[in-house]
């Protein structure tokens, strides 16, 4: 309940100079004489449109946060490109705004392969899939045959597939990988010849869902850190 009561403060703040948008969600925000409407499908899409509904007859600063994961973005004011550079993660637009002005921020949302710290023994040689602010995971419900022996092929670029029918509507990540199966004919689990530790090696398609949405279907394994092939 305390989180819900304070939720608006996570999205926007204001000071004497203007209004700051910290998180992007459709809604209405106001402060320091500025009143704006935000329209967006973030985090599935990176376009954030801010429409000014009210503004004082003097300069105010509208600040838009550029997340640390975002490598490329585009900014438009009333449809005109603006080559503003972020300062410590913030784009700051200072001007005398008028009702009807629009500011559009377009954040690129490529799929990222995130690597663990090399001292983290448990996940060494693994990667995690991320897109925008979301961490993804593999669930057994989407990957027939389970997750044992599955490795990700980093040489093939993952693709985003929108699934309005899945988990209330999500964007999934589809990646290429392989399934490695141990030689079950050999009873000894510690061979000295590495060639005999794996028998079957076949390509598989991997489907990842946002981490926040896991455990909402059938029981099964889940994995965030995925072994990397090669």
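The values are calculated or read from the model by the stated rules, or taken from the named source; none is laboratory data. Predicted model only: the values in this text are computed from it and were never measured. Every residue, glycine among them, receives a Cβ derived from its backbone with ideal geometry; neighbour counts consider all protein chains shown.
Quick look at the values:
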item	result
Residue within region 84-92 that is touching a strand residue (DSSP E or B) at 6+ places or on another chain (Cβ under 6 Å) and farther than 26 Å from residue 30 by Cβ present	no
Residue that is out of contact with any helix residue (DSSP H, G or I) (no Cβ under 9 Å at 6 or more places or on another chain), surrounded by 13 or more Cβ atoms within 10 Å (Cβ to Cβ) and assigned to a loop (DSSP other than H, G, I, E, B), where the choices are 148, 142, 165	142
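For every residue, the table says whether it meets (1) at pLDDT below 95; (2) under 30 Å from residue 226 (Cα atoms); (3) more than 17 Å from the chain's Cα centre (by Cα).
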| position | (1), (2), (3) |
| --- | --- |
| 5 | yes, no, yes |
| 36 | no, no, yes |
| 59 | no, no, yes |
| 78 | no, no, yes |
| 100 | no, no, yes |
| 109 | no, yes, no |
